[in-house]
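Just so it is clear, none of the values below were taken in a lab; they were calculated from the coordinates. From a predicted model like this one, the values you see are computed outputs, not experimental measurements. Cβ: placed from backbone, ideal geometry, glycine included. Neighbour counts: every protein chain shown.
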Amino acid sequence: MPVTTIADREIHVDDDGFLTEFEEWDEDLARTLATNIGIPDLTDDHWKVITFLRSDFQQQGETATLRRVSTIGGIPTKSLFQLFPKKPARKMSYVAGLQKPKGCI
Amino acid sequence: MTTMETAPSIVPDFGDEDSDRKIAFVCSKGSLDMAYPALVMASGALEHGIETHIFFTFWGMDMINKKTMGNLHFSPVGNPATHMPAALAPLPGMQAMATKQMKKTLEELEIPDVPSFLEHLSDMGCKMWACQMSVDMFNLTKEEMYDQLDGILNVTDFIEIIDGAQTMLI
């Protein structure tokens, strides 16, 4: 696995750049990750998604899909497309410091 | 954790530049096992930021007919992939049992039923169209069909809309 430097820290990522170590993430890093992919400001709504993804990952051991964030996390799919435009599933996972979801839906 | 290499900055490429890629599915079947492939693939395409259209025609109308959309069936008859002896498949109750089993498996995988799946796709921006000829054939009204349909199109209009799309007939 490659190690990259983000916000002056060494971070373990996979070949696509997604974080591989749950504990290396913190909120400051999330802000930098978001800026890296064109989301300059993380609003409360963004944080709601990120917080759900992190806690769901701890319980389930895998990244929640868009549908799971909508049905279990209670955040409507339409909002996810507004918060993380075009490719919400991958973008929200990246900012939350998780791997992209494995599930299809 | 083994450090194999150090790269200055690896940021995923989300390919955000405007793409004119389009995908269209033509759903012409009304059985449970033929409904899901298009729905799942459409979901994947939409998650990937691709303009996605679904055109419902012939038996595919069952997927958007409010009377049938929540109650599609799966039949093992004539389907060697069920690995069931061919003589057993047509027995009474077999279709109901196979349908129940498939629905249970889908539910366990947290895959929504057809009406919820359509709503999920609408929320993601999927365009859904009913075939004018099929609407006439089955004598359906707008009120009898899925509420979030984008419209009823004749085939010429649909072909025009999906200009340049990768198209799949299911």
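Shape call for the protein assembly as shown from the C-alpha gyration tensor, a ≥ b ≥ c root eigenvalues: rounded (a/c under 1.5), prolate (a/b greater than b/c) or oblate? Let's see the in-between values first.
On the way: a/c = 2.44, a/b = 1.76, b/c = 1.39.
The shape class here is prolate.
Show me A:87-100, A:33-46 ranked by packing, highest mean number of other Cβ atoms within 10 Å first. Working shown, then result.
Working: A:87-100: 23.4, A:33-46: 14.9.
Output ranking for A:87-100, A:33-46: A:87-100, A:33-46.
Put +1 on the Cβ of each Lys and Arg and -1 on the Cβ of each Asp and Glu in the protein assembly as shown; which of A:65, B:60, B:154 then has its Cα farthest toward the positive end of the dipole?
B:60
Expected output is a single nm value to one decimal: the length gained when fully extending between residue B:11 and residue B:81, i.e. 0.36 nm times separation in residues minus the C-alpha distance. What is it? Walk me through the numbers before you get to the answer.
Numbers: separation 70, 0.36 × 70 = 25.20 nm, distance 4.28 nm.
Gain on extension, residue B:11 to residue B:81, equals 20.9 nm.
Can you bin chain B into rounded, prolate or oblate? Criterion: square roots of the alpha carbon gyration tensor eigenvalues sorted a ≥ b ≥ c, rounded for a/c under 1.5, prolate for a/b above b/c, oblate for the rest. Mind dumping the intermediate values first?
Working: a/c = 2.35, a/b = 1.26, b/c = 1.86.
Here chain B falls in the oblate category.
Please compute the contact order of the range B:11-87 in relative form: average sequence separation of alpha-carbon pairs under 8 Å and at least six residues apart, divided by the residue count, as a percent. Could the numbers behind the result be given before it?
Values: 82 pairs, mean separation 25.0, N = 77.
In percent, rounded to a whole number, it is 32.
Which residues make up the longest stretch of chain B that has no GluC sites (Glu not before Pro) in a DSSP loop with at most 16 other Cβ atoms within 10 Å?
Segment B:18-109 is the longest.
To test your reading of the geometry: what angle, between 0 and 90 degrees and rounded to tens, separates the Cα axis of helix B:32-47 from the longest principal axis of chain B?
Result, in degrees: 20.
Do you know the relative contact order of chain B, to the nearest whole percent, from alpha carbon pairs under 8 angstrom that are 6+ apart?
Values: 225 pairs, mean separation 52.2, N = 170.
Relative contact order comes out at 31 percent.
State, as an integer percentage, the relative contact order of chain A based on alpha-carbon contacts under 8 Å between residues 6 or more apart. Provide the component values of the computation, followed by the final result.
Working: 133 pairs, mean separation 29.3, N = 105.
Over chain A, the number comes to 28 percent.
At a Cα cut-off below 15 Å, give the aspartates and glutamates reachable from residue B:127, other chains included and same-chain residues fewer than 8 away excluded.
B:47, B:51, B:119, B:147, B:150, B:157, B:160, B:163
Just list whichever of B:29/B:100; B:29/B:103; A:87/B:22; B:66/B:100; A:102/B:67 have alpha carbons separated by over 22 Å in the model shown.
Numbers: B:29/B:100 19 Å; B:29/B:103 17 Å; A:87/B:22 15 Å; B:66/B:100 20 Å; A:102/B:67 34 Å.
Beyond 22 Å: A:102/B:67.
Give the angle, between 0 and 90 degrees and rounded to the nearest 10, that separates the Cα long axis of helix B:114-123 from the longest principal axis of the Cα atoms of chain B.
30 degrees
Between residue B:148 and residue B:104, what is the label-to-label distance in nm when each label sits 7 Å out along the Cα-to-Cβ direction?
Spacing of the two 7 Å Cα→Cβ label points: 3.0 nm.
Taking 0.36 nm per residue of separation and subtracting the Cα-Cα distance, what length does fully extending residue B:133 through residue B:40 add?
Values: separation 93, 0.36 × 93 = 33.48 nm, distance 2.58 nm.
Working it through step by step, the gained length comes to 30.9 nm.
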